[in-house]
Each structure stands twice: as C-alpha cells, then as structure tokens.
Amino acid sequence: MAFADVFDAKLFMSATITLIVIMDPPGTVPVFLSLVGRKPMATRARAARQAVLVSLLVISLFAVAGQAILAYLGIGIPALQGAGGLLLLLIALQLLTSNGHEPEAAAEDVNVALVPLGTPLLAGPGAIAATIVFVRQADGHIGAYIALALAIVTVHFVIYLCMRYSGLVIRLIKESGITLLAKVAGLLLAAIAVELVANSVRGFISGAG
C-alpha cells in the first residue's frame, strides 16, 4: 500500500495552514500574557498546557461528531459565532477596564485555560467550522482522516510552543509592558468579538433569505 493511500498530504497542508491562520498562534500570546503574565512560570506553563488540551479536545470532538451535534441541537454556525463573540466581548471589557491588575477571569488558572483561552479564543467558531468542512472533504477516506488528525495536532503543538515560551516576552516588556499588553489584547479581543457577532448576523440574514 502506497504512502499516498494512507496519508493525504494535500489535505494536511491545507488544514494546517487554514487552522494556523484562523487560530493565530502568535496572536494568542498577548491575550495569554495579559491573563497570566504575572503568574509564576510553572503556573503559566500549566495554563498553556491546559488551554491547548481544552482546545484540542473541543476541536477533536467537533471533528468526530460536530455535524451530528449541531444537527441534534438545532444549532448553526452563526449561533456559535454569536455566542463566541459575546463571550470574548465580556473578557475584552474586563481587560480594558482593569486597573493594572489581572481580570477576575484570571483568578482561577483552570478557568483561564477553559475560558477564554481554550475556548472560544482557540477552539472558536472559525476553527470549528473549518474542521467540519475538512471532515466533509475527507469523505470517508482513511488517509484524509489521518492527515486531518495530524494537522490538528500539529497546529496545537505550535500554539503550545508560542504560549509556553511567552515568558521570553515578559523579560523584555516587564510589568508596565504587561499592563499595556492587556489593554492592546482587550482591544484586539473586542474587535474579534464584534467581527464574530457581525458574521453571526450576516449568517442569520443569509440563512433567512
């Protein structure tokens, strides 16, 4: 059996590039640092590990049963986009209005790993929708499924490296830099949230039409 029969290299490259663009590993660093930048290094490492595992589990779940779950619950991608946007907007407001201290969402490291890092920032509507589309493209071919699984794992490994070694950034920007980064991250998150909500509204309108 040829290697091409058990591994779809084209799908692997397409899925990897698409998910990296959507999930934006370097872009997660400012948000990660704004939430746990003042924590000890061991705590940051644990938060990075937990966030990546949560995202990997969510993406894997939707890769395996995403279409069935959405169909059973009667939920469309626009609804996921709207919910994710509103959730990110709450976190963004906390970052923008905090007075140089970590937002309440960062009080519990596990909570930070779950929300907003693991989901919806990493395993957000865009990544979920893209994964479901790639599963449809696989169309029952085992080589395509293997390629997609490796792509998902590869992207999450890159994300983990970016967050795990974000401490190098802390040494450069210091305490005042983290505070500034929190404001910038809050603004970026707010923009992402508004875009998700706007896409949600467009999705509902086009679906209704």
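The values are calculated or read from the model by the stated rules, or taken from the named source; none is laboratory data. Not measured: the values here are computed from a predicted model. As a convention, Cβ positions derive from the backbone with ideal geometry for all residues, glycine included, and neighbour counts pool all protein chains shown.
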* Single residue of region 2-20 satisfying the filter (modelled with pLDDT under 85 and touching a helix residue (DSSP H, G or I) at 6+ places or on another chain (Cβ under 9 Å)) that is farthest from Ile170 (Cα to Cα) -> Asp5
* Among the residues of region 133-169 satisfying the criterion of being modelled with pLDDT under 90 and closer than 20 Å to Gln81 by Cβ, which is farthest from the chain's Cα centre (by Cα)? -> Arg136
* Structure fact -> Within region 175-186, the residues that are among the aliphatic types (A, V, I, L, M) and either surrounded by fewer than 17 Cβ atoms within 10 Å (Cβ to Cβ) or at positive phi (or both) are Leu180, Val184
* **Answer from Val194, Val135 - the residue that is more than 28 Å from Ser60 (Cβ to Cβ) and either touching a strand residue (DSSP E or B) at 6+ places or on another chain (Cβ under 9 Å) or surrounded by 14 or more Cβ atoms within 10 Å (Cβ to Cβ) (or both)** => Val194
* Structure fact -> Exactly one of Ala147, Ala185, Ala191 is of a type in the set (Gly, Ala, Ser), assigned to a helix (DSSP H, G or I) and closer than 30 Å to Lys10 by Cα, and that one is Ala147
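Could you list, in sequence order, all residues of region 49-91 that are among the small types (Gly, Ala, Ser), assigned to a helix (DSSP H, G or I) and touching a helix residue (DSSP H, G or I) at 6+ places or on another chain (Cβ under 8 Å)?
Going residue by residue through region 49-91, those that are among the small types (Gly, Ala, Ser) are 51, 55, 60, 63, 65-66, 68, 71, 74, 76, 79, 82-85.
Cutting the leftovers down to assigned to a helix (DSSP H, G or I) gives us 51, 55, 60, 63, 65-66, 68, 71, 79, 82-85.
Passing the criteria: Ala51, Ser55, Ser60, Ala63, Gly66, Ala79, Gly82, Ala83, Gly84, Gly85.
Go through Thr97, Thr119 for me and flag whichever is buried (at least 17 other Cβ atoms within 10 Å of the Cβ), β-branched (Val, Ile, Thr), out of contact with any Phe, Trp or Tyr (no Cβ under 6 Å at 6 or more places or on another chain) and modelled with pLDDT under 90.
Numbers: Thr97 fails: buried (at least 17 other Cβ atoms within 10 Å of the Cβ).
Unique residue meeting the criteria: Thr119.
Quick check, is Leu172 aliphatic (A, V, I, L, M), surrounded by fewer than 14 Cβ atoms within 10 Å (Cβ to Cβ) and assigned to a helix (DSSP H, G or I)? Give the steps one after another, and end with the answer.
Values: aliphatic (A, V, I, L, M): yes; surrounded by fewer than 14 Cβ atoms within 10 Å (Cβ to Cβ): yes; assigned to a helix (DSSP H, G or I): yes.
It is true that Leu172 is aliphatic (A, V, I, L, M), surrounded by fewer than 14 Cβ atoms within 10 Å (Cβ to Cβ) and assigned to a helix (DSSP H, G or I).
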